[in-house]
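Below is one structure, written out as structure tokens; the observations come after it.
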Amino acid sequence: MTPGAAALDVNFAPYLTRHVQGDWGELDSFDIQQNNLAVKDGYRILSAYNVPSGNHETEKIWIVTEADRSVTTVLLPSEY
């Protein structure tokens, strides 16, 4: 995970589980379709989730798995 994601102090395990299971979170229909193709054809996969960040606020995170499946990263969109 990136420093920004780590600073949220969130347990990312449930979001990683969703990512692995093909629940892409808060994506539009085009990005969902792209992810479904990416799984089949071996491209980069992106999921987006709103996670609790305190004071009844949420913060968006992205989970990105590289095309070669060597690395999955949890990050804030601003860190991409």
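The values are calculated or read from the model by the stated rules, or taken from the named source; none is laboratory data. Note that the structure is a prediction, hence the values are computed from the model and not measured. Quick reminder, even Gly has a Cβ in these numbers, built from the backbone with ideal geometry, and neighbours come from all protein chains shown.
Cβ-Cβ below 6 Å, separation at least six or inter-chain, first residue in the stretch 24-43 and of a type in the set (S, T, N, Q), second surrounded by 12 or more Cβ atoms within 10 Å (Cβ to Cβ) and at pLDDT 95 or above: which pairs?
Asn35/Trp24; Asn35/Ile45
Filter the stretch 15-53 for residues that are small (Gly, Ala, Ser) and within 21 Å of Ser78 (Cα to Cα); which is surrounded by the most Cβ atoms within 10 Å (Cβ to Cβ)?
Filtering first and then ranking leaves Ser47.
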